Amino acid sequence: MNRRSDRSVASGLDRRTFLAAAGAVTTATGIGLALGPDRPASAAGPEDVAAAAAAGAPAPPFTAGTTLASVAAPRGTGGYRRLGDGPGWPRLVRAELADAQSGRQDRRTALASFVQFTDIHLTDVQHPLRYEFFRSGEPGAWRPHEALTLPGVVSLVERVNKLRRGPATGAPLSFVITTGDNGDENARIEVEWFLTALSGGRMNPNTGDPRHYEGVQNSGLKLYWHPDTALRDDDKQLGFPRIDGYLAAATRRVDSPGLDIPWYSTFGNHDLLSGGCYPAAGTFLQDAAVGNKKLQTIPAAEAKWLMEGEAKGVDPKGERIREMLRAHRKEMRTVTPDPRRAPLTARQYVAAHLEPRYKGRGPVGHGYTRDNLDSGNLYYSFRISDRVIGISLDSTDPGGHYQGSLGTGQIRWLERTLKRYEDKYALVFSHHPSWSMDNLTPDPARPGEDRHDGNELISVLQNHNNVLAWINGHSHRNRIRPRGTFWEIATASHVDYPQLARVIEVTDNHDGTVSLFTTLIESAAPYRTDFGDLSQRGLASLYRELAFNAPGADGSLAGAAGDRNTELLLPRR
């Protein structure tokens, strides 16, 4: 259940977008290699790497598999369109904050090279407390492809493992950081899937009854796509295919190799709140989550009323949802309860990250430490390289509502941290972008503490001239904005089309400027699908195509050219 949080977008009821511990990154140590000119958008082969190493030079840029080389593109016409290879997106130089000096490509040295994942939304589609029923009020309130989030994220992991080096600088990718909404329903099983997908291992998408699927896609309701039957549901009337065996394949075991590089975690509203909106642990929502009743549809007028209330933040504790569940209890489907669907508290979320079985390539805790577990605070700093630090914030408001904010204690910690590392460049990460931080609902654990919005956070970051960028997600769209002294970089999700992640590289140009290179990547799944191929790879490919065709999908989430592949210039301190 995603909320649109970019207030610059035209209003409407598209719920997909409206509602929509120890250890440093060792591979980044000492990064600062002299770099040569950019190469064309093509692969650098092993012979190029070997030649560069023999000459003592850095490896060339690696652009194959990025959106510089190619981007999925629709084929044909009609209600349901297939995908194929399309031309890549060019890199644009953005000089709003500093002039582009000639010859910088021959002088620059790399300071950081890493990947941002955001809004993966790994989803237990059989969970009793999902908000699919809002689709009666808006087609975009439910995603037909949600059952394939696990093979989808594994294919993204495989893409990163194949890249290894930066597409602008050739510097090795040193880590991945997620910027929240790693799961969808704040369920323990979704957290376990997320940690396993990035660290490596086996995942079983089938919750509840292990013998068969119990969700809306075999409910008999025409409101939802029923891939395995001849039912002329609403989506099939738009051209969605019949795919025999789809649900059985979607609930099969998924294997992940895990990332080949270290990774860090950031907290999002869906990682704490039911449906990204409502406090769940210890409430009536927790009982519903582990119970045996699932609501699958409500009247359209009621759905629209509830969505409009959510968009305005009028019910952060979910009292309207409580009454709605009571009113429709007799209409609910009986399903198999599963204790793994229990919502987690913030401390339980940190504890899961600290479990040794999820270490992967490290670091232990993926940014979170024993101090985070003891305090319950989900923000931290970490070393990126000799000259760069990372700061991961927690912009989720524990009091409820999908928009974000920061408490006074976290703001003060951020200021102290930026001051402590004033001799280094800083990259700041959060889930919410500035335009989605207007939720000042009090934190129940700190009822007397003020909450601070996105404009206040921009002011704090502008007071520290070592801040290069604020990198975030949540809005499910690519959007890059100059903020006077730094760049704000928002990246599209990996659940809604075009299902992207972003490589970010930082260079010192040795001419009084710094450059941040942003390059979008898709998963490793083939663009072309085969409805008869229900292998894990085939499902990952189908995941992308179904997302493109999803009714109510927002076709503008890729952003403009200046929000995609860029070189962002800043004056050097």
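All of the numbers you see were taken from the coordinates with simple rules; none came from a lab. The model shown is predicted, which means the values in this text are computed figures rather than measured ones. Methodologically, a virtual Cβ is constructed for each residue, glycine included, from the backbone with ideal geometry; neighbour enumeration extends over all protein chains shown.
Below are the figures for this structure:
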item	result
Peptides ranked, highest mean first, by Cβ atoms within 10 Å: ranges 429-435, 237-243	429-435, 237-243
Whole-number D in µm² s⁻¹ for the stretch 300-360, Kirkwood Cα-pair radius fed into Stokes-Einstein, 20 °C, 1.002 mPa s	142
Tensor-based shape of the stretch 105-213 (alpha-carbon gyration tensor, a/c under 1.5 rounded, otherwise prolate or oblate)	prolate
Alpha carbon centroid spacing (whole Å) that separates the stretch 313-386 from the stretch 102-125	26
Cα gyration tensor, the stretch 433-573 - rounded (a/c under 1.5), prolate or oblate	oblate
Peptides ranked, highest mean first, by Cβ atoms within 10 Å: ranges 216-224, 148-156, 164-172	148-156, 164-172, 216-224
Interchain or long-range residues, amide H under 5 Å from VAL176's placed H	VAL115, TRP263, TYR264
The stretch 298-443: relative contact order in percent, alpha carbon pairs under 8 Å with at least 6 residues between	20
Kirkwood hydrodynamic radius (C-alpha pairs) into Stokes-Einstein, the stretch 352-502, 10 °C and 1.306 mPa s, D in µm²/s	98
Vicinal HN-Hα couplings computed from phi for the stretch 252-267 (Karplus, 6.51 cos²θ - 1.76 cosθ + 1.60; Hz; Gly/Pro x)	7, 4, 10, 10, 10, x, x, 5, 7, 10, x, 9, 10, 10, 10, 8
Interchain or long-range residues, amide H under 5 Å from VAL71's placed H	GLY86, GLY88
Where labels lie 7 Å past Cα in the beta-carbon direction, separation of THR77 and LYS312 in nm	4.2
Positive-end residue of VAL495, GLY454, GLN217, charge dipole of the chain with Cβ unit charges	GLN217
DSSP bridge orientation in the chain - percent antiparallel, rounded to nearest 5	70
Distant-in-sequence amide H partners of ARG82 (H built 1.01 Å from N, under 5 Å)	ARG75
Debye equation applied to the C-alpha atoms of the stretch 481-553, log10 I(q)/I(0) at 0.20 Å⁻¹	-0.88
